[in-house]
1. Return yes when T183 is at pLDDT 90 or above, farther than 30 Å from A301 by Cα, surrounded by fewer than 14 Cβ atoms within 10 Å (Cβ to Cβ) and over 41 Å from the mean Cα position of the chain (by Cα) and no when it is not.
2. Only residues that are within 16 Å of T375 (Cβ to Cβ) and surrounded by fewer than 16 Cβ atoms within 10 Å (Cβ to Cβ): list them for the stretch 322-349, please.
3. Report yes if N84 is part of a strand (DSSP E or B) and either on the phi > 0 side of the Ramachandran plot or exposed (fewer than 13 other Cβ atoms within 10 Å of the Cβ) (or both), otherwise no.
4. Hey, could you check the stretch 351-365 for residues that are over 60 Å from the mean Cα position of the chain (by Cα) and over 22 Å from P400 (Cα atoms) and say which is modelled with the lowest pLDDT?
5. Would you tally the residues in the stretch 146-165 being closer than 19 Å to L115 by Cβ and surrounded by 13 or more Cβ atoms within 10 Å (Cβ to Cβ)?
6. Which residue out of L18, L81, L87, L93 is at pLDDT 95 or above, in contact with a Ser or Thr (Cβ under 9 Å, 6 or more places away or on another chain) and either aliphatic (A, V, I, L, M) or within 30 Å of P111 (Cα to Cα) (or both)?
7. Which one of P243, P303 is touching a residue at least 24 places away in the same chain (Cβ under 8 Å), loosely packed, with under 15 Cβ neighbours inside 10 Å and not in a strand (DSSP E or B)?
8. Picking from A222, A234, A175, A226, which residue would you name as being surrounded by 15 or more Cβ atoms within 10 Å (Cβ to Cβ) and closer than 17 Å to P128 by Cα?
Amino acid sequence: VTSAPSHITISAVPPPPLTGVLVNPVSATVAAGHQVSFTAAPVCTGTCTLGAVYHWSLANHTLGSLNSSIGSSVTFTAGNLGGNTSLQVNVTLNGQTKSSALVPLTITAPPPNLLTAVSVSPPSASVPVSTSFNFTAVPSCTGTCPTNITYLWVLGSYGAGTIGVATGPRVMFTAGAVAGTDTIYVNASMNGLTRTSSVVPITVTSIPPPTLEEVSITPGNATLPAGSTQAFTAQISCGVKCPAGAIYSWSLSNWLGVLDTYSGPSVNFTAGGLSGNISLFVNVSLNGVVKGASVPIQVHAPPSPPLPILVSLTLNPTNVTMHSGQSQTFSAMATCSGAPCPANLSYLWRLSANAGAITSGTSNQATFTAGSQSTTVLLTVTVVLGAKVLNATAGITILPSQKPGTSGSGSGDLTLYILLGAGGAAAAALALVAISLRRRRRAAETAGASPTPEQDVWERHFERQPPMPPPG
């Protein structure tokens, strides 16, 4: 027997409806700065299904804060002020939303000097390898922070460095020998309350090789007399200690002086003999970087001595009577103004006629030797200094050489009587002397003898006398 097919209808059982929300605890009293946690649970007519969504809210945010606004549990942190507030949670499940009852919160007034927070200064740091750096904990309190706060520093586990004593408001971080990163933070505790700072990042950096930054010269200037010497030294700066290997190159702007060397960190400058300004330069090369510096130098030469000016020239003796073959030395003297006449002054000697010989060269003395001819000649000396030319002249009378027997005692002697008187008596006496001289001259000429020099002198003297006046 075959029965007719039957139909079975299977209907889905609807989830139990959401009827409410419970919060535990239902109220709380918390001290300022402290925390309390709350947990919410949905209430259904049966067993609630999973998937509930939670949303927490706080009535007064000035009295505290929630660590989250979602999830079945939250933590409330009381602020630093006392007061009352409340929190509430809304739960949505299977399209239904229910709100919990308000959960009253009482925040008790904070005690004096309550520790409210702690921070680290500086908030980050860059530390070169193998160097140290200090971090400082900065607490915040409702009043003045007391001195009984304890600290505990915590270094990250990255191995970029180490810290010294981990307790106390300061800690020293020593970077390792290799660049890297690390972190540090601090816990501060007082009266059973602990505050934790934010995590501070630390970067350990490599130390770049020193770079030439600046060049200077010591001393920075100089004023030197001509011919003096001054030492100069180049100073280099690299921020840190400069490495070895710097190359120095010195130079001068002109030739008012010289250097004893043109390389090395130090040189000696010697000023020349002229006044003027000169610059001393140095270029320094270190690890591919070139820097330069310069200093001014003033050279002061002494004033030039005044030049002598020729003002006069004298010759001594100025007039000479001499016999043939005799010699006479003449001396010239030049006088200068402004400065003494130079020692190498040259004297030029010359005769007006060829009446003898001069031995002199260019000195201030000359020797004249008379020739055989009776004559009168001029000896001239000339001196030139710069544009000034001066001459001095001496007269020379040359007489014949004396022959034996024409002078001395005997009948040929010239006897002169100087008669002193007045008027015609003196004139008559002079006339008698002249007649006697002429007679003796004629007698000598008849005998073939030459007149003596004394006869020539006196005859010439009387020939120049005026005529004798008539008697009476």
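1. no
2. Passing the criteria: H323, G325, Q326.
3. So N84 fits the description; yes.
4. Only one residue fits best here, namely S360.
5. Of the residues in that region, 6 qualify.
6. Criteria check complete, one pass: L87.
7. P243
8. Going through A222, A234, A175, A226 in turn, the sole match is A175.
The values are calculated or read from the model by the stated rules, or taken from the named source; none is laboratory data. Note that the structure is a prediction, hence the values are computed from the model and not measured. Every residue, glycine among them, receives a Cβ derived from its backbone with ideal geometry; neighbour counts consider all protein chains shown.
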